[in-house]
Structure formats: C-alpha cells, structure tokens
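All remarks here apply to the structure that follows.
The values are calculated or read from the model by the stated rules, or taken from the named source; none is laboratory data. Note that the coordinates shown come from a computational prediction; the quantities given were computed from them, not determined experimentally. FYI the Cβ positions are ideal-geometry reconstructions off the backbone, even for glycines, and counts take in every protein chain you see. We work out accessible area using only protein heavy atoms, side chains counted, and drop any ligands, DNA or RNA first. Shrake-Rupley method; radii C 1.70, N 1.55, O 1.52, S 1.80 Å.
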Amino acid sequence: MANNHSHDAEKSISTAFWLNAVFVVIEAVGGLLTNSIAILSDALHDFGDTLSLALSWFLQKKSKKAADSKYTYGYKRFSLLGTVFLSGVLFISSAWVIYAAIGRICSPSEVDAKGMVWLAIVGVVINGAAALRVNRGHSLSERAVFLHIMEDVLGWVAVLVTAIVMIFFDVPILDPILSIVISVWVLFNVIRNMRDTGIVFLQATPKDIPVDKLKEQILELPDVESVHDVHIWSLDGDSHVMSLHVVSFTFKTQSLKQQIYDIASQYHISHVTVDIEKPGTNCTYKTTHK
Ligand SMILES: [Zn+2]
Ligand SMILES: [Zn+2]
Ligand SMILES: [Zn+2]
C-alpha cells in the first residue's frame, strides 16, 4: 500500500512536469511571436516551476535511498541543494528580465495584443483547471500548492486584462510594467525560499514546533522529573530530529522512551534520541544546554 502511494505521487509529479514543460515552450514561442515581455517573464516563472518539479521528481527517487555510512541521516537534505540551485537560476534570469523590461519602458515597442489575449485565455483555462483538480487539503504543503496555482491563475488574469486594455488604447508601456511586476513577484518567492532553506541549514527550531509545549508534554509524563539538553532541528523542513536528556528514576526505560517517541511523532519528529539519567547524576549538559 505504501509502495502504491509513493508510485501515485511519482506519477502525478511526472504528469505535472510534462504539462508544465509543454506549456513553457508554448509560452516562450507565444511571447516571442507577440513581442510581449510580460508573457516571456511568465514563461520564466513557469520554467522555474518546471525545473522545481523536475528536481522533486529526481529527488523523490533519491530521498527513498536508505541512510548509509556516508550519509547517516539519509538523503533528505539533498532537496535543500535543489532549492539553492533553483533559486540561483531564477534570481539571475528574473534580474535579467527586469533589466530588459526597463529598456522597453525607455523605448517602447509594439506588441500583438490580440495574440496576447488568446495566449492568456489558454493560460487561464489550463491553470484554472489545475487549480480545480488540486487537493484542497488542510496540510501546510497542500495549502502551499493550492496558493501557488492560484497565483499562476492571477498572473494570467493580469496578462489578459492588460492585453484587452492594449487592444483599445495605445499604451504598449503596460507590457514591460506588467513584466516587472511578475518578475518582482518571482524574486520575492525566491528570497522567501532561500530564507526558509537558510533556516534549515542553520539548524533553527522548525517553525511548526512549539518547543515549550513539547517540553511541557514530556514533563507531564509519569516518572519524569525534568528535561535538559533539548535540541530540535530539521533535515529538510518536513522531517525533524530531536535529542534530549530526561531525568527519571523509572526502571521501565523502554516504556518511557516509547511515550516520548509518541509525543514526538505528533510534531513530525521522525528521529529521536533520548538519554535517560537517574536523578542526581552529574551531567555537564545540565548547565551548558538547558
Ligand atoms: Zn507557478
Ligand atoms: Zn546539547
Ligand atoms: Zn544530561
């Protein structure tokens, strides 16, 4: 069953990849034919989406690889490298598009507004269909996927409205202005992704883990006197790791550990190391890592 499930996930990623890749080509050709830099910058955004789908397609296979003696935590962090690579590509290319769009503002050139309308209709329909199909679940990643597709739809609605205005009024400058808006939004997302990745690299406590509440839950377990040296960090932003010392006089250490594992699993902590000390043990970490 678990095997079936991951097979489905792999199939839906590969389908999404091919749909996106074909659409990027249509957009790039359409952008060149209509001479619209706004559509070209949207093509760039979709190219970024396609590249990140390709990366997660590749990494999904890679991350299934079990931990080995070289990478004792497994291969989950490889996805962070993918994000860094993708961010670099998008950062450079959208900076270049903004530069080109500023040139267009200084010396505007005519665009084929009617052609843009047809392309935008195709864009709204395809992205709108994807938005309807996507699973509107409550998990953080499902919400993120849905929001992303809604942003894609909005981008195309903006292209559609701009193109219609340009049919009736001679304002070719709107095209590079929209292009800059789209590129700035791409850059904003790049910076946000880089920040989230940096936080994982710096081993910060994952955003979704309320450490004090977690400690409180462990302290409420029978036989637990105190905890110290609690460390929580994340492998890839989704699966987390915790190590801690627990002071307890219990002799049923295995059952105490199991109760701590159960609490940890509520917070997506997939890897826990517990050190159980008898009260009065002289542990140096008590003072250095409270
Ligand atoms: Zn997108
Ligand atoms: Zn420590
Ligand atoms: Zn200790």
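For the reader, a short list of remarks on this structure follows.
- Which numbered condition S63 fails, given (1) open to solvent by 40 Å² or more (accessible area, probe 1.4 Å); (2) modelled with pLDDT of 85 or more: (2)
- Taking the criterion of being without any contact (Cβ under 8 Å) to a residue 40 or more places away in the chain and either among the hydroxyl-bearing types (S, T, Y) or surrounded by fewer than 18 Cβ atoms within 10 Å (Cβ to Cβ) (or both), the residues of region 40-58 that qualify are T50, S52, A54, F58.
- Restricting L86, L81 to those that are surrounded by fewer than 17 Cβ atoms within 10 Å (Cβ to Cβ) and assigned by TED's automatic domain parsing to the domain that holds R195 reduces the list to L81.
- Looking only at residues of region 259-281 that are more than 16 Å from ligand 2 (Cβ to nearest atom) and farther than 30 Å from S79 by Cβ, we find that the one that is surrounded by the most Cβ atoms within 10 Å (Cβ to Cβ) is Q259.
- Qualifying residue in region 32-39 (condition: open to solvent by 40 Å² or more (accessible area, probe 1.4 Å), within 28 Å of P172 (Cβ to Cβ), within 16 Å of ligand 1 (Cβ to nearest atom) and at pLDDT 90 or above): no
- Evaluated against (1) surrounded by fewer than 19 Cβ atoms within 10 Å (Cβ to Cβ); (2) more than 16 Å from ligand 1 (Cβ to nearest atom); (3) touching a residue at least 12 places away in the same chain (Cβ under 8 Å), Y71 falls short on exactly one condition, (3).
- Region 236-269, subset away from ligand 3 (no atom under 16 Å from the Cβ) and either of a type in the set (D, E, K, R) or assigned by TED's automatic domain parsing to the domain that holds V84 (or both), residue farthest from the chain's Cα centre (by Cα): K252
- So V184, is it touching a residue at least 40 places away in the same chain (Cβ under 8 Å), surrounded by fewer than 17 Cβ atoms within 10 Å (Cβ to Cβ) and in the same structural domain as N127 (by TED's automatic domain parsing): yes
- The listed residues are V272, V227, and the only one of them that is hydrophobic (A, V, I, L, M, F, W, C), within 15 Å of ligand 3 (Cβ to nearest atom), farther than 30 Å from L86 by Cβ and assigned to a strand (DSSP E or B) turns out to be V227.
- Any chance D42 is more than 16 Å from ligand 3 (Cβ to nearest atom), under 19 Å from W185 (Cα atoms) and modelled with pLDDT under 85: no
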